[in-house]
Amino acid sequence: EYYNILNSQLKVPVWFPIDPKLSFDQNRGEYLNPERFISDQTDFQQFSAGVSLPVGRGLFIDQRRATMKQAELFVDMADAERVKMINKILLTSAKDYWEWYFAYYDYKLLAQSVEIAQEIFDRVRMDYQFGEAAVIDTVQANITLQNRMIDMQQVQIRFIQTGLRLSNHLWNEELQPVVLSDNMVPIQSENFQLVPDRETLDILREQAENNHPELRKLELKRGQLEIENRLNRENLKPRLDLNYNLINAPISPNGEDAQFLWTDNYKFGLDFSFPLFLRKERAKVAKTEIKIQDTEYSLMMRRREIQNEILAVYTEITNTFTIVQQQLQAVNNYERLLEAELFNLESGESDLFKINFQQDKLIESQSKLLKMQANFQKLKATLYWAAGIPYLNYDLEPETVDEE
């Protein structure tokens, strides 16, 4: 046996650039390199404890610290992505709710029109039986009744479909999906007159500038790239590591306490390396800087798109509100026309055809008004989504009700 070499080390990675290191060596043999000589007084065993300190590359940042800093930014990035996904789900839920709202009140409107058409048909049939109406009038009244029933059934189907679509967002405390029951209906909304003012718009634009999830993600991505670029620039420096190790101190290989002297029984070393051309390191720096510049352009572009999107939605809200008010006036005018036709009918100056025509126009205008009101509410939710407001400014905490 010429020689036998045993070396085991334990390195402890820490946040600071100083790396603590423990080492155990056992070297023996007739032809052992004198550099590895260990006295037989310790059974050819040697214990050492020391540190390694980079004074060149790795002094200010290294791969370990860069990864830790990037991981911290990734946590914030994941939080921004979570807010973005929740906002998207809430926006879809809000739109589905207002579709359900419109379908229900549109169904109530057509159900009321069916009742009116049924009363007209019964009255005309009675007039025909007493010889005060022609048979063709009963046919016309019956056609109107049938058309109204068909329209009501179609809207009823849409109401059921929108309810099922809304049920996709409903879960109980045990995370089991639930379905809207037949006796559940949307509450009549009174918020159709609430329009965001210019002050609210300025607040939303400022909050979007500072805390929009997509902008936040791009800023954090830029931060990660800047850390990577800092690491790449650090790798342009020469590597110079200082190593200091105490030998058989403060304990000996057999476990006994040993005298602790900095100037005795120690090993000191210096590691130096430096690439001649630095092609790889310079390429990484150039590549990272291009990525940072691309992220900067994406951030500027997305910031402008978000601001324009907020302005577009706000403009659509204000215009829709004006249209809703005009449509409300149109509904009032159609109601007045219908009342006038009914008065003329009692005076013998109108007929069933005119009454049906005016009533159809009134129902059409009322249904159009309901749809505009539902779209108005969806636009308000879209405005908060475009601004990236967390949870669309909804209060997600469940309300508590005191039982009496």
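Between residue 333 and residue 92, what FRET efficiency comes out of the Förster formula 1/(1 + (r/R0)^6) with R0 = 45 Å and r the beta carbon distance, rounded to 0.05?
On the way: r = 36 Å, r/R0 = 0.81.
E(calc), rounded to 0.05, equals 0.80.
With no solvent and one point on each alpha carbon, what is the Debye value of log10 I(q)/I(0) for the range 77-171 at q = 0.19, 0.20 Å⁻¹?
-0.86, -0.90
Rounded to the nearest percent, how much of the accessible area of the chain (1.4 Å probe, protein heavy atoms only) is carbon and sulfur? Walk me through the numbers on the way to the answer.
Values: 14360 of 26330 Å².
The C+S portion of the solvent-accessible surface of the chain is 55 percent.
Could you state the accessible area per residue of the range 1-81 in Å², with a 1.4 Å probe and every protein chain left in place? All intermediate terms of the calculation are to be shown ahead of the outcome.
Values: 5470 Å² over 81 residues.
Accessible surface, normalised per residue, equals 67 Å².
Do the sum for the chain: with -39,500 (n - 2.57) for every DSSP H run of n ≥ 4, divided by all residues, what is the mean residue ellipticity at 222 nm, to the nearest 500 deg cm²/dmol? Walk me through the numbers before you get to the answer.
Values: 6 runs with 239 residues, N = 404.
Theoretical 222 nm ellipticity from helices: -22000 deg cm²/dmol.
Relative to the longest principal axis of the chain, what angle (0 to 90°, nearest 10) does the C-alpha long axis of helix 135-167 take?
Rounded to the nearest ten degrees, it is 10.
Multiplying the sequence separation of residue 32 and residue 197 by 0.36 nm and subtracting their Cα-Cα distance, what value in nm do you get? Write out the running numbers ahead of the final one.
Working: separation 165, 0.36 × 165 = 59.40 nm, distance 8.73 nm.
Going from the current span to full extension adds 50.7 nm.
Taking only protein heavy atoms into account and a 1.4 Å probe, give the accessible area per residue of the range 94-187 in Å².
Numbers: 6120 Å² over 94 residues.
That works out to 65 Å² for each residue.
So, for the range 222-371, what is the accessible surface per residue at a probe of 1.4 Å, expressed in square angstrom? Numbers along the way, then the final one.
Values: 9730 Å² over 150 residues.
Averaged over the residues of the range 222-371, the accessible area is 65 Å².
Suppose accessible area is computed on protein heavy atoms with a 1.4 Å probe; arrange 391, 244 from highest to lowest.
Order by accessible area, largest first: 391, 244.
Working out 0.36 nm times the residue gap between residue 298 and residue 394, then minus their Cα-Cα distance, what length gain in nm do you get to one decimal? Provide the component values of the computation, followed by the final result.
Numbers: separation 96, 0.36 × 96 = 34.56 nm, distance 2.95 nm.
Length gained between residue 298 and residue 394: 31.6 nm.
As a test of reading the structure, rank 267, 280 by solvent-accessible area (1.4 Å probe, protein chains only), most first.
On the way: 267 85, 280 135 Å².
Descending accessible area places them as 280, 267.
Have a look at 80, 103, 330 and tell me which one the Gaussian network model of the chain (Cα, springs below 10 Å) gives the largest fluctuation.
Taking springs between Cα atoms under 10 Å, the residue moving most is 330.
Using a 7 Å offset from the Cα along the Cα-to-Cβ direction at both residue 276 and residue 157, what is the distance between the two label points in nm, to one decimal?
8.2
What share of Cα pairs, in percent, lie more than 38 angstrom apart in the chain?
57
Quick one: how many Å² of residue 148 are accessible to a 1.4 Å probe, rounded to 10?
Ignoring ligands and nucleic acids, residue 148 comes out at about 10 Å².
List the residues of the range 239-273 whose backbone N lies under 20 Å from a point placed 7 Å from the Cα of residue 40 along the Cα-to-Cβ direction.
Answer for this model: 253-254.
Report the extension gain between residue 11 and residue 111 in nm, rounded to one decimal, defined as 0.36 nm multiplied by the number of residues separating them, less their alpha carbon distance. Display every interim value, and only then the final one.
Values: separation 100, 0.36 × 100 = 36.00 nm, distance 8.00 nm.
Between residue 11 and residue 111, full extension yields an extra 28.0 nm.
Out of 308, 276, 323, whose Cα points farthest toward the positive end of the dipole of the range 233-344 (charges: +1 Lys, Arg; -1 Asp, Glu; placed on Cβ)?
276
Accessible area of residue 52, 1.4 Å probe, to the nearest 10 Å²?
30
Which ³J(HN,Hα) values in Hz, rounded to whole numbers, follow from the phi angles of the range 112-128 under the Karplus curve 6.51 cos²θ - 1.76 cosθ + 1.60, where θ = phi - 60° and Gly and Pro get x?
5, 5, 5, 4, 5, 5, 5, 5, 5, 4, 5, 5, 5, 5, 5, 4, 5
What accessible area, in Å² to the nearest ten, does a 1.4 Å probe give for residue 277?
Per-residue accessible area (residue 277): approximately 120 Å².
In the chain, if the dipole is taken from +1 on Lys/Arg beta carbons and -1 on Asp/Glu beta carbons about the Cα centre, which of 288, 390, 3 is farthest to the positive end?
Looking along the dipole axis, the top candidate is 3.
Among 194-200, 233-239, how do they line up by average Cβ neighbours within 10 Å per residue, starting with the highest?
On the way: 194-200: 12.4, 233-239: 16.1.
Going by the mean number of other Cβ atoms within 10 Å, highest first, we get 233-239, 194-200.
The values are calculated or read from the model by the stated rules, or taken from the named source; none is laboratory data. Quick caveat: nothing in here was measured; it's all calculated off a predicted structure. Note that each Cβ is placed from the backbone with ideal geometry, even for glycine, and that neighbours are counted across all protein chains shown. Side chains included, ligands, DNA and RNA excluded: accessible areas come from the protein's heavy atoms. Shrake-Rupley method; radii C 1.70, N 1.55, O 1.52, S 1.80 Å.
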